[in-house]
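*Asks:* Once you've had a glance at the structure underneath, I'll fire off some questions.
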Amino acid sequence: MVITPSVYTYFAALFVGRRDDYALQAPNGLYRRVGRPLTLDVLRAHLDGKQTIGTYVLNDRQACSYAVMDADKPGGLALLAHTQRTLAADGITSYLEQSRREGHLWIFFQKPAPAATVRGWLRPYCPDGMEFFPKQDYTDGYGSLVRLPLGVHQVTGRRYPFVTYDEHGYIEPVAPTLHTMLEWLRHIESVEVPTLEVVKPRSTRITHGVVNKKRSMTQPVTSRPSSPYTMITDWCAQQDPIALIGQYVELNQQRMGHCPFEEHHDHGEDRRRSFKVFHPTTPGGMSWYCYAWGKGGSVFDFLRLYYQLDARELWRRIQSGARF
Ligand SMILES: [Zn+2]
């Protein structure tokens, strides 16, 4: 079999995570780190079936150029095919590979992205009970390892193809031979990883009465389904004001806390607990009140004031799937 050098380069660009090291699969299926760079010669030996390589998903910058969902329980391949259709409906192209037990679903990125971003974005799509790679947001060592595709599995002696799996459960390799499948890889589409738009909270200094864990709002810009709530009051009516506002303001048993809006208060600080949160009397209505300010509002008003956004912008973010 003749494989042109450009195929190795292309294969490496698609599948190799960390370049300065790799792992070798032993006959029992386990991997051992080699401690040498992953060269094109190593890839050639992998595709020739002389040795089987695992690659570390994260590079030395904690970034990855793909994500993989790994199904090893019965029915897993069908579940991955379903996930593939869900991703496609959201504009995310993915590729199904058979594996020793069931299958892998690959999503390739246009450029390497931080593992934490990738996990925040794609992990919600991963069915329960399946492994998601990268497994970590960060790693001090080598982190997750995946078997490079199209080699010979050391336990079964088989190669596993990329496949299509239609809604009738019919499975077919994307190409008839290893050679044509390597050529097929050239047509793989990569997707753009959404950037996380971080909105700075109104104050970065730590004030008493404000719980620190949720000081910033992140909004993934994705093509996820938009909010089902079409009206702001409907959206507010769906929220639990105690739980939502309680993430920002530490509340006592009477649901009173130190007001986070310092401009209401002398010396810019609510030394008493002037801020009360309650369930609204009309759905989606007023659910907090500041006794010093003499006013209150809905949960939407709270978020608007807290993040200093105008109503239109906050609503746009809610409809884009921002979580509070
Ligand atoms: Zn206040």
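The values are calculated or read from the model by the stated rules, or taken from the named source; none is laboratory data. Nothing here was measured: the structure is a model prediction, and the numbers come from that model. Virtual Cβ from ideal backbone geometry, glycine too; neighbours counted across all protein chains shown. Just the protein is used for accessible areas: all its heavy atoms, side chains included, with ligands, DNA and RNA removed. Shrake-Rupley method; radii C 1.70, N 1.55, O 1.52, S 1.80 Å.
*Asks:* Any residue in region 51-68 that is out of contact with any Pro (no Cβ under 8 Å at 6 or more places or on another chain), over 24 Å from Ala116 (Cβ atoms) and not polar (S, T, N, Q)?
*Replies:* Yes, the conditions are met somewhere in region 51-68.
*Asks:* Also, I was wondering about something else. Search region 43-57 for residues that are under 13 Å from Pro149 (Cβ atoms) and pair each with any residue that is assigned to a helix (DSSP H, G or I) and of a type outside the set (D, E, K, R) when their beta-carbon atoms are under 7 Å apart and the residues are at least 6 apart or on different chains.
*Replies:* Leu43/Tyr8; Leu43/Phe11; Leu43/Ala12; Thr52/His46; Ile53/Val42; Ile53/His46; Thr55/Phe15
*Asks:* Name the pairs: first residue in region 281-298 and part of a strand (DSSP E or B), second residue basic (Lys, Arg) and within 16 Å of the ligand (Cβ to nearest atom), Cβ to Cβ under 6 Å, at least 6 apart or on different chains?
*Replies:* As it stands, the answer is Tyr289/Lys276, since those pairs meet every condition given.
*Asks:* Would you check if there is a residue in region 102-116 being closer than 13 Å to Gln136 by Cα and assigned to a helix (DSSP H, G or I)?
*Replies:* Yes: one or more hits.
*Asks:* Counting only residues that are in contact (Cβ under 8 Å) with a residue 24 or more places away in the chain and in a loop (DSSP other than H, G, I, E, B), which one in region 267-278 is nearest to the ligand (Cβ to nearest atom)?
*Replies:* Asp270
*Asks:* Report, ordered by the first and then the second residue, all pairs with beta carbons closer than 6 Å, sequence separation of six or more or different chains, a first member in region 1-30 that is among the β-branched types (Val, Ile, Thr), and a second member that is part of a loop (DSSP other than H, G, I, E, B) and open to solvent by 10 Å² or more (accessible area, probe 1.4 Å).
*Replies:* Listed by first residue and then by second, the contacts come to Val16/Leu38.
*Asks:* When region 32-55 is examined, which residues are found to be surrounded by 20 or more Cβ atoms within 10 Å (Cβ to Cβ) and under 28 Å from the mean Cα position of the chain (by Cα)?
*Replies:* Leu38, Ile53, Gly54, Thr55
*Asks:* For region 279-314, how many residues are within 19 Å of Ile242 (Cβ to Cβ), within 15 Å of the ligand (Cβ to nearest atom), over 31 Å from the mean Cα position of the chain (by Cα) and not hydroxyl-bearing (Ser, Thr, Tyr)?
*Replies:* 5
Results for (1) of a type in the set (Asp, Glu); (2) within 27 Å of Leu182 (Cα to Cα), shown as yes or no for each residue.
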position	(1), (2)
Leu40	no, yes
Thr55	no, yes
Arg61	no, no
Val118	no, yes
Asp128	yes, no
Asp137	yes, no
Asp140	yes, no
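*Asks:* I'm trying to understand the selection: among the residues of region 85-96, which are open to solvent by 40 Å² or more (accessible area, probe 1.4 Å) and in a helix (DSSP H, G or I)?
*Replies:* Arg85, Thr86, Ala88, Ala89
One line per residue, one yes/no per condition, for (1) over 11 Å from the mean Cα position of the chain (by Cα); (2) under 19 Å from Ile188 (Cβ atoms); (3) open to solvent by less than 40 Å² (accessible area, probe 1.4 Å):
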{"position": "Arg100", "(1), (2), (3)": "yes, no, no"}
{"position": "Phe108", "(1), (2), (3)": "yes, yes, yes"}
{"position": "Ala115", "(1), (2), (3)": "no, no, yes"}
{"position": "Val118", "(1), (2), (3)": "no, yes, yes"}
{"position": "Glu131", "(1), (2), (3)": "yes, no, no"}
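*Asks:* Just one of the numbered conditions (1) of a type in the set (Gly, Ala, Ser); (2) closer than 17 Å to Phe324 by Cβ; (3) surrounded by fewer than 16 Cβ atoms within 10 Å (Cβ to Cβ); (4) touching a residue at least 24 places away in the same chain (Cβ under 8 Å) is not true of Ala237; which one?
*Replies:* Only one criterion in (1) of a type in the set (Gly, Ala, Ser); (2) closer than 17 Å to Phe324 by Cβ; (3) surrounded by fewer than 16 Cβ atoms within 10 Å (Cβ to Cβ); (4) touching a residue at least 24 places away in the same chain (Cβ under 8 Å) is unmet by Ala237, namely (3).
*Asks:* Turning to a different aspect of this structure: Within region 295-304, can one find any residue that is of a type in the set (Asp, Glu), over 30 Å from Pro124 (Cα atoms) and surrounded by 18 or more Cβ atoms within 10 Å (Cβ to Cβ)?
*Replies:* no
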